[in-house]
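Enquirer: Quick one: this structure, given as structure tokens, is what I'll be asking you about.
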Amino acid sequence: MRRGLLLFLLLNVAIILFLVNSVWTLLTLLVVDGSEDAISKAELPAPGSDLIDDRPQLIPKIIHQTYKNTSIPPVWQEAQTSCLNLHPAPQWEYKLWTDEKSMQFIEAEYPWFLDTFRGYQYPIQRADSIRYFVLAHYGGVYIDFDDGCNRALEPLLSYPAFVRRTMPTGISNDVMGAVPQHPFFMRVIEEIQNYDKSWIMPYITVMASTGPLFLSIIWRRYTAAGLNFGDGADGGRVRILFPDEYNNYSWSFFIHHLGNSWHGKDVQLIFWMARNWVLLTIIGFTVGFSVIFSCWWAYHRFVLASRPAPEWKVATIRQRLPFWRRVSAQKEYELVRRHEV
Ligand SMILES: *[C@@H]1O[C@H](CO)[C@@H](O)[C@H](O)[C@H]1NC(C)=O
């Protein structure tokens, strides 16, 4: 009986440790906010300041965007034009990654990734992954069509790599910049095949295989491994733009134009879950403890009870009966005793 209890507790501890271990990176994402890598407003020259020209510019002047073909829908043309006007040729190069061009690029430069790239179930996974590959390859700045440009990007070119923070947790892949072969993006493209898994819900599958969740997990592992240092041209540090720096109108580099167009029912569910995470955590713990308690109860009821108890243990077992059984057992004894009298 003591051994049974010990085994039971050890098993529970092992299960809990296993679960915590498998979601550890996700848990740390809730705590680590990247503020030590924040690009603060104090570092950024004011729009139009002379300082902009004095800082070394590491990231090449290339803007990358993606769409399935070259006919950009009118709703996104405004955002596209705002970026093109602020970053004119010939100083800046503009690369639009259509489906066809993306496929040719992967085929030519990263043939080991071609099968995974072709095999992605959702087109957005190709749109997500191509941006990491072109940044790792050419360097430059990737900008989603959801985002328009609000001021010239030159001040951000002084960091070897930058991404944007998302709330409540992690980093986003909608705007990213890097020098070519930056160690963070090299790691992202090295790892991406390992994350090509289906998670039943399309939104989770996309988020975790190629989207912001995937990127955040790689980022978290990268910073935890101590690789996040070095601000020079060959540095590995990834700097973070916080909403304060990108939501304030005159200072911000980008303005949000449109919500993501591919969001479905499951996204509403996830957003609902994010809003109600306290409730869900309580439910989770309640369910968890109920399961543990039920196992314990079943173990007693069926495993221990089915063993023939030795004579001297009968009394102990009876004491362990629920109180309503104990009462009825007591009555029987009284009857027996009365008969004997
Ligand atoms: C792009 O795709 C849209 C719809 O899928 C189509 O109507 C349009 O003709 C395509 N444009 C080009 C240049 O192929």
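Enquirer: At a 1.4 Å probe radius, which order do Asp115, Asp144 fall into by accessible area, largest first?
Expert: Numbers: Asp115 120, Asp144 20 Å².
Output order, biggest surface exposure first: Asp115, Asp144.
Enquirer: Could you give the length gained on full extension between Arg118 and Phe293, defined as 0.36 nm per residue of separation minus the Cα-Cα distance, in nm?
Expert: Numbers: separation 175, 0.36 × 175 = 63.00 nm, distance 4.74 nm.
Roughly 58.3 nm would be gained on extension.
Enquirer: Rounded, prolate or oblate, given the Cα gyration tensor of region 196-245, with a/c below 1.5 counting as rounded?
Expert: On the way: a/c = 3.37, a/b = 1.93, b/c = 1.74.
Cα axes put region 196-245 in the prolate bin.
Enquirer: As an exercise, use a Förster radius of 25 Å and the Cβ-Cβ distance of Tyr110 and Arg221 to find the FRET efficiency, rounded to the nearest 0.05.
Expert: Working: r = 21 Å, r/R0 = 0.85.
It comes to 0.70.
Enquirer: While we're on this one: Using all alpha carbons of region 71-224, what is the percent of pairwise distances in each 5 Å bin, ordered from the shortest bin to the longest?
Expert: 2, 8, 18, 22, 22, 16, 9, 3, 0, 0
Enquirer: For Glu191, what is the net charge nearby, where nearby means another residue's Cβ is under 14 Å from its Cβ and Lys, Arg count +1, Asp, Glu -1? Let's see the in-between values first.
Expert: On the way: positive: Arg187, Lys197, Arg220, Arg221; negative: Asp128, Glu190, Asp196.
Every neighbour counted, the sum reads +1.
Enquirer: How many nm separate the modelled label positions at Val278 and Phe302, each set 7 Å beyond the Cα in the direction of the Cβ?
Expert: Simple spin-label model gives 3.9 nm for this pair.
Enquirer: OK, next. Sort 29-37, 234-242 by packing, meaning the average of other beta carbons within 10 Å per residue, with the highest value first. Please report the intermediate quantities before stating the final value.
Expert: Values: 29-37: 14.7, 234-242: 19.7.
Averaged packing, sorted descending, gives the order 234-242, 29-37.
Enquirer: Still on this structure, I have one more. Report Rg(Cα)/(2.2 N^0.38 Å) for region 74-142, keeping two decimals. All intermediate terms of the calculation are to be shown ahead of the outcome.
Expert: Working: Rg = 13.6 Å, N = 69, 2.2 N^0.38 = 11.0 Å.
Dividing the Cα radius of gyration by 2.2 N^0.38 Å gives 1.24.
Enquirer: Further question on the same structure: Filter Lys41/Lys61; Lys41/Lys101; Lys41/Lys197; Lys61/Lys101 down to the pairs with a C-alpha to C-alpha distance above 29 Å, please.
Expert: Working: Lys41/Lys61 22 Å; Lys41/Lys101 37 Å; Lys41/Lys197 39 Å; Lys61/Lys101 20 Å.
Violating the 29 Å Cα-Cα cut-off are Lys41/Lys101; Lys41/Lys197.
Enquirer: Debye calculation, C-alpha points only, no solvent: report log10 I(q)/I(0) for region 16-160 at q = 0.12, 0.13, 0.15, 0.17 Å⁻¹, in the same order as the q values.
Expert: Cα-only, vacuum Debye calculation for region 16-160: -0.68, -0.78, -0.96, -1.10.
The values are calculated or read from the model by the stated rules, or taken from the named source; none is laboratory data. Quantities reported herein were computed from a predicted structural model and do not represent experimental measurements. When we count neighbours, we look across all protein chains shown, and the Cβ atoms used for this are built from the backbone with ideal geometry, even at glycine. The protein model used for the area step is the full one, side chains on, heavy atoms only, and it has no ligands, DNA or RNA in it. Shrake-Rupley method; radii C 1.70, N 1.55, O 1.52, S 1.80 Å.
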